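Please read the structure below before turning to the comments.
The values are calculated or read from the model by the stated rules, or taken from the named source; none is laboratory data. No experiment lies behind these values; they were computed from the predicted model shown. Because the Cβ atoms are built from the backbone with ideal geometry, glycine has one as well, and the counts that use them run over all protein chains shown. Surface accessibility is based on the protein's heavy atoms, side chains included, excluding ligands, DNA and RNA. Shrake-Rupley method; radii C 1.70, N 1.55, O 1.52, S 1.80 Å.
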Amino acid sequence: MHITQAHCQALDQQDTLAPLRDQFSLPEGVIYLDGNSLGAQPKAAPARAQQVITEEWGVGLIRSWNTAGWFDLPQRLGNKLAKLIGANDGEVVVTDTTSINLFKVLAAALRQQEAKAPTKRVIVSERRNFPTDLYIAQGLIEQLHAHGAPAYQLRLIDSPEELHGALGDDVAVVMLTHVNYQTGYMYNMADTTRAVHQHGALTVWDLAHSAGAVPVALNDANADYAVGCTYKYLNGGPGSPAFLWVNAKHQDAFWQPLSGWWGHARPFAMEPGYQPHQGISRYLCGTQPITSLAMVECGLDTFGQTSMTALREKSLGLTTLFMELVQQECSDHPLTLITPTDPAIRGSQVSYEHPQGFAVVQALIDRGVIPDYREPRIMRFGFTPLYTSFEDVWHAVAILKDILDSKSWDQPQFHRRGAVT
């Protein structure tokens, strides 16, 4: 079937999620396909930030820790977010950054394994995992070694198919991103966790490209630890606080390597010795960034108007349409699809390699289509079902085709790189 613009318009007319687009601030003339890197602004966010600044801080001052509910905001937001990732109340907190939270849970998992299986000295991950995950693991290994611990090893696989071969009796933790940031490949969490547990290892899942984009069922999968961010598909704002989840069976056994006062059982008793809070609150560390936390709630509240099932259905429709249109319109150009065509193992993005991927992305941005670029040569197109339309997909591919056909990407300004790509 030859896909037409009218076909895409008809899909929009049938889309029950289309009204949710009105809840986001989207600039006129922009097709935003980078919600997998930074989500669009909920229209409610500026007013909420202003309320925190002018009323809660400006008038309430320090009283607002009690009167405005600042103190328990990480737990309250965690309970809202839990519903999107297959968790229960009291299992998630929104706090710190993904990197910091990963350090917490990875250190905890290794210490947990050290107590029962001291010969397990390997962390397994993917070479194409998001770099901060690998850096945190490398730094933790070096830190442990510097303090006299037996050497740990980071074992990297080059593809998901290699995972089972990398599992052995020496593996302590398997640290994976549920949806790969480069390719959009999505692991079967339940099957993978089951295989990891069969070897006596623990799982740490990074949900940065999953939460709010694809259905996640942490408890059903019997996963152990998970972390993720709120500024991508959850639309929390640039640099908004991240989250962490811990299986209830591990919570009170967790050793908090960053034992700050916010995770103390009685933070305002001002005791000189640390005693961890019972439950998920022990995963907190220092004083919380209230304005950023407050805006996270605006993004989360949008999800209360739909379901992850409906979002997933639309996400697959958008990504499938994009791939089919690129094949239909751009097949004579050197585009290599690196995202799975199988919907069962695809997240909510589509990635292509192109020899001049960076310049092509800059030319797209100049024309009002905003994807992003990742090394090496990867053009990433993210599809956020809350605000991306099917006609957006049509126009984005039409502009991509024109840029490739005309070679308009080959201009000096499109080859210049800024600090962020």
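Table for the structure above
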item: Conditions (1) out of contact with any strand residue (DSSP E or B) (no Cβ under 8 Å at 6 or more places or on another chain); (2) closer than 20 Å to Ala294 by Cα; (3) in contact (Cβ under 8 Å) with a residue 60 or more places away in the chain; number of the one not met by Asn88; result: (2)
item: Lone unmet requirement of (1) farther than 30 Å from Ala253 by Cα; (2) outside any helix (DSSP H, G or I); (3) open to solvent by less than 60 Å² (accessible area, probe 1.4 Å) for His2; result: (3)
item: Lone unmet requirement of (1) within 21 Å of the chain's Cα centre (by Cα); (2) open to solvent by less than 40 Å² (accessible area, probe 1.4 Å) for Ala10; result: (1)
item: Among the candidates Thr287, Thr230, Thr291, residue that is assigned to a loop (DSSP other than H, G, I, E, B), open to solvent by 20 Å² or more (accessible area, probe 1.4 Å) and either closer than 19 Å to Trp70 by Cβ or in contact with a strand residue (DSSP E or B) (Cβ under 7 Å, 6 or more places away or on another chain) (or both); result: Thr287
item: Single residue of segment 14-49 satisfying the filter (part of a loop (DSSP other than H, G, I, E, B), among the acidic types (Asp, Glu) and in contact with a Lys or Arg (Cβ under 9 Å, 6 or more places away or on another chain)) that is surrounded by the most Cβ atoms within 10 Å (Cβ to Cβ); result: Asp34
item: Elements of type strands (runs of 3 or more DSSP E) contained in segment 312-421, each with 2 or more residues being surrounded by 16 or more Cβ atoms within 10 Å (Cβ to Cβ), modelled with pLDDT under 95 and in contact with a Phe, Trp or Tyr (Cβ under 8 Å, 6 or more places away or on another chain); result: none
item: Some residue of segment 235-251 being of a type in the set (Gly, Ala, Ser) and over 21 Å from the mean Cα position of the chain (by Cα); result: yes
item: Contacts under 6 angstrom Cβ, first residue in segment 40-62 being at positive phi, partner open to solvent by less than 70 Å² (accessible area, probe 1.4 Å) and hydroxyl-bearing (Ser, Thr, Tyr), 6 or more apart; result: none
item: Verdict on Thr95 being within 17 Å of the chain's Cα centre (by Cα), crowded, with 23+ Cβ neighbours inside 10 Å and in contact (Cβ under 8 Å) with a residue 12 or more places away in the chain; result: yes
item: Close pairs (6 angstrom Cβ cut-off, 6 or more residues apart or separate chains): among the polar types (S, T, N, Q) in segment 1-22, surrounded by 15 or more Cβ atoms within 10 Å (Cβ to Cβ) anywhere; result: Gln5/Trp394; Gln9/Glu391
item: Matching residues in segment 212-267 - criterion: being among the aromatic types (Phe, Trp, Tyr), out of contact with any Ser or Thr (no Cβ under 9 Å at 6 or more places or on another chain) and farther than 27 Å from Leu316 by Cβ; result: Phe254, Trp255
item: Subset of segment 103-151 [aliphatic (A, V, I, L, M), part of a helix (DSSP H, G or I) and open to solvent by less than 70 Å² (accessible area, probe 1.4 Å)]; result: Val105, Leu106, Ala107, Ala108, Ala109, Leu110, Leu134, Ile136, Ala137, Leu140, Ile141, Leu144
